[in-house]
Amino acid sequence: MSAPLAYRAGVLQLDGTPLAPLAAEHGTPLYVYAAGEMRRRLSRLEAAFAPTRPLFCYALKANPTLAVVATLARAGAGADVVSGGELARARAAGVAPDRIVFAGVGKSRDEIEQGLAAGILQFNVESLEELRLVDAVAAERGVTAPVALRLNPDVAATTHDKIATGRRHDKFGIGAERLGEVLALVRGLDHVRVVGLHCHIGSQIAVVEDFERAYRRMVELYRFVRGEGLPLERLNLGGGFGIRYADERELDVEAFAAMARGVTAELGCGLVFEPGRFLVAAAGVLLSRILLVKSGSDGRRFVVLDAGMNTLLRPALYGAVHPVHPLRHAADDAVDVVDVVGPICESGDVFVRDVPLARARAGELVAFANAGAYGAVMASDYNSRGRAGEILVEGGRSAVVKPPRPPAALFADEAVPTWLEPAPTAGS
Ligand code: LLP
């Protein structure tokens, strides 16, 4: 079981807060996040890097709920945003603009304007085409845009294929072979100032050597670009720090920090990292109620929940395993081996197969661990089952930070065109 989740007297608690009363009060499915755990994770990164003080820009995409971003911002994190929407959220949550980096392989003119208007730290620029666009938009506003060039270091990280981003054939960044071309272009542009280099080789990576190969390459490229006369100030080395979901090992943060500091020391430049999952995954759980337990024809027992791939997509999309625990547990509870599934009409709507589960009975509550990252934010309206609410807990207090959306709320703002009205009624 992951650290902040623990049983006390048979009652599952998240950071000391019993979970069952929250499910009873707010209904299920329900996401619950522990602010304390987010801060502890940030402190652990800071301690590992001390006395170096990198800027940790929390990657909002992992969990953009305002209360989550505000928790990390108050604790000193900046923000890594990938859209105008995330930029607006980061600002609404109180992140100072000079601690915001703006990444993403496709930024619109509007989004670039928003970044310039806010006065962000830097745009992480991913192509020559984008460099020209940022220059043009900055020229119209009569300003100079700070940019970091996102380079593709051609490193295949050990992770799921869908979340590896640093290989030659991935859509991200600029190939190092085009650097000469980029520098020639930059020299002709008056409204961009190259302040750094950026890379991000993927997500959920636990192998320090994968990062090391990429970072060594970035250090070479940094020295090359600086040697070409560009006054670089910082190296942004992305995020991707892997956590332990079930059997994986977590990234050894202390070994990682020692490596990153060692490899970059000679540059004497500022460092930026963009952790998302590492800060918030273990701080969150998804609570769900067992709707029924049905027997399959081959002897399987299916535990059918009120949460599904619409609530937590990671198992269906990546084959990810989120450990599942009953909210109440006694030593003499019967344990059955079951398949835990959602109610969605797709065979892929399975959380985990052949798992031993105590109290696998209709009406009981369960929690999925490590659901704080890429959970609620990747939920959808599929099958019109409504959206889970989100709760933040802290030292015995709890607050609804995003209310659940009942099914009717999902279509409340839709419209039927006048030519389809009036709706036919039965028998007419
Ligand atoms: N920086 C950049 C440029 C990124 O693209 C990402 C994640 C991050 C930072 C943060 O990565 P993290 O520290 O969270 O690993 N939905 C997937 C993960 C997609 C990650 C996309 N980019 C999942 O549920 O596993």
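The values are calculated or read from the model by the stated rules, or taken from the named source; none is laboratory data. Everything numeric here is computed off the predicted structure, so don't read it as measured data. Cβ atoms come from the backbone with ideal geometry, glycine included; neighbour counts cover every protein chain shown. What goes into the accessible areas is simple: the full protein's heavy atoms, side chains included, and nothing from ligands, DNA or RNA. Shrake-Rupley method; radii C 1.70, N 1.55, O 1.52, S 1.80 Å.
Only one of Val134, Val147, Val105 is in contact (Cβ under 8 Å) with a residue 60 or more places away in the chain and under 28 Å from Phe224 (Cβ atoms); which?
Going through Val134, Val147, Val105 in turn, just one is in contact (Cβ under 8 Å) with a residue 60 or more places away in the chain and under 28 Å from Phe224 (Cβ atoms): Val105.
So which of Val400, Val355 is open to solvent by 70 Å² or more (accessible area, probe 1.4 Å) and either farther than 17 Å from Ala24 by Cβ or outside any helix (DSSP H, G or I) (or both)?
Exactly one of Val400, Val355 is open to solvent by 70 Å² or more (accessible area, probe 1.4 Å) and either farther than 17 Å from Ala24 by Cβ or outside any helix (DSSP H, G or I) (or both), namely Val400.
When you go through (1) within 16 Å of the ligand (Cβ to nearest atom); (2) touching a Pro at 6+ places or on another chain (Cβ under 8 Å); (3) outside the structural domain of Arg99 (by TED's automatic domain parsing); (4) open to solvent by less than 30 Å² (accessible area, probe 1.4 Å) one by one for Pro315, which number turns out not to apply?
The failed condition is (2).
Criterion first (under 19 Å from Ala3 (Cβ atoms) and not hydroxyl-bearing (Ser, Thr, Tyr)) does Val321 satisfy it?
Against the criterion (under 19 Å from Ala3 (Cβ atoms) and not hydroxyl-bearing (Ser, Thr, Tyr)), Val321 qualifies.
Can you tell me which residues in segment 145-185 are of a type in the set (Asp, Glu), assigned to a helix (DSSP H, G or I) and either open to solvent by less than 60 Å² (accessible area, probe 1.4 Å) or more than 14 Å from the ligand (Cβ to nearest atom) (or both)?
Of everything in segment 145-185, those that are of a type in the set (Asp, Glu), assigned to a helix (DSSP H, G or I) and either open to solvent by less than 60 Å² (accessible area, probe 1.4 Å) or more than 14 Å from the ligand (Cβ to nearest atom) (or both) turn out to be Glu177, Glu181.
So, Leu66, is that one open to solvent by 10 Å² or more (accessible area, probe 1.4 Å), modelled with pLDDT of 95 or more and under 27 Å from Gly262 (Cβ atoms) or not?
When the stated conditions are applied, Leu66 does not pass them.
So which strands (runs of 3 or more DSSP E) are wholly in segment 221-319 and hold at least 3 residues that are under 30 Å from Glu394 (Cα atoms)?
Of the strands (runs of 3 or more DSSP E) lying wholly inside segment 221-319, those with at least 3 residues that are under 30 Å from Glu394 (Cα atoms) span 284-295.
Return only the number of the condition from (1) surrounded by fewer than 23 Cβ atoms within 10 Å (Cβ to Cβ); (2) within 20 Å of the chain's Cα centre (by Cα); (3) within 16 Å of Glu274 (Cβ to Cβ) that Gly84 does not satisfy.
(3)
How many residues does segment 189-220 contain that are away from the ligand (no atom under 16 Å from the Cβ) and touching an Asp or Glu at 6+ places or on another chain (Cβ under 9 Å)?
Here the count works out to 7.
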